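Take a look at the structure set out below.
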């Protein structure tokens, strides 16, 4: 199933998520994280998108996965954070 | 004696060339081949640049770009879509190890924007920094910036609006909701300004760049020395233009 969300991060930037997911098993099959936010290093978001594949679409699982990538690649967000990213992804399912 | 940095003035380049020059200077600086560099430039034809993370199709009306003769390019920096028309664009490229630029990213935005604010002062315009990446005059945006860091080198580029055509901008940029487009345009007209709107006369690129030059010199306590791209930078520019910024793969990657 394909879905899109547009989420204005409180005190932050505009996040647009394009999500393909397995609606039966609630697993991410493909994701594009877009928007006018800043993330350093930029290439880490490409890694984030790959790592999120096959992640269960629950708040807990998404936050764990995102935080682990943030920690591993020392990602610094401006206008976005891990919680907002989870919120944007989950809004695709509303 | 003051530290000497390089000043490049490269007017009227295409969108691909402009983004390729910034990247070429960044690579050259990271290799220790050139000193910290400030560049002032313009775009010919006018162009839209989108942020590294933005979706081109989502943000830009490509048919409108074609019919209005406007180019488009993806930047290597994050942030939002910008319509580059009647403006001075600046870039600053400097090693992360240079103590004149704070290590902290947000603090470095403030510091570099400080140079633009001082430059505007030399055009009799009082402005202030508006975090994260804007400069405002009477609560209206006159400048926006975006920064990246690669190979221990900082690149920040940004706009200084000399004039602005919001109606044309909205012909080129897509809005999330067409039904409220008129209201959105009215809102943006209230929130954006330019040197021309404030000073009520046309200020040329050269006058603006002269003021910005002083602004950067004052903020960083340095001397800017006019120079040109090196042979290596020209070669890198051509390479990045050909292999990156002009390609479908790069511009449509999101």
Task: Output for segment B:80-104, where each listed residue is surrounded by 18 or more Cβ atoms within 10 Å (Cβ to Cβ), within 14 Å of chain A (Cβ to nearest Cβ) and out of contact with any strand residue (DSSP E or B) (no Cβ under 6 Å at 6 or more places or on another chain) - done: B:80
Open item on the list: Could you check segment B:159-179 and list, in sequence order, the residues that are in contact with a helix residue (DSSP H, G or I) (Cβ under 9 Å, 6 or more places away or on another chain) and over 30 Å from residue B:114 (Cβ atoms)?
Closed with: B:167, B:168, B:170, B:171, B:172, B:174, B:175, B:176, B:177
Open item on the list: Checking the condition more than 14 Å from every other protein chain (Cβ to nearest Cβ), touching a strand residue (DSSP E or B) at 6+ places or on another chain (Cβ under 7 Å), in contact (Cβ under 8 Å) with a residue 24 or more places away in the chain and under 30 Å from residue B:152 (Cα atoms), which residue from A:52, A:57 passes?
Closed with: A:52
Task: For residue B:57: the one exception among (1) in contact (Cβ under 8 Å) with a residue 60 or more places away in the chain; (2) farther than 25 Å from residue A:16 by Cβ; (3) within 14 Å of chain A (Cβ to nearest Cβ) - done: (2)
Open item on the list: Between B:77, B:17, B:89, which is assigned to a strand (DSSP E or B), within 29 Å of residue B:254 (Cα to Cα) and modelled with pLDDT of 95 or more?
Closed with: B:89
TODO: Scan B:175, B:154 and give me the residue that is on the phi < 0 side of the Ramachandran plot and modelled with pLDDT of 95 or more.
DONE: B:154
Open item on the list: Please go through segment B:181-197 and give me each residue that is touching a residue at least 24 places away in the same chain (Cβ under 8 Å) and touching a helix residue (DSSP H, G or I) at 6+ places or on another chain (Cβ under 9 Å), ordered by number.
Closed with: B:192, B:195
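The values are calculated or read from the model by the stated rules, or taken from the named source; none is laboratory data. Everything numeric in this text was worked out from a predicted model, so none of it was measured. Using ideal geometry, Cβ is built from the backbone for each residue, glycine included, and neighbour counts are taken over all protein chains shown.
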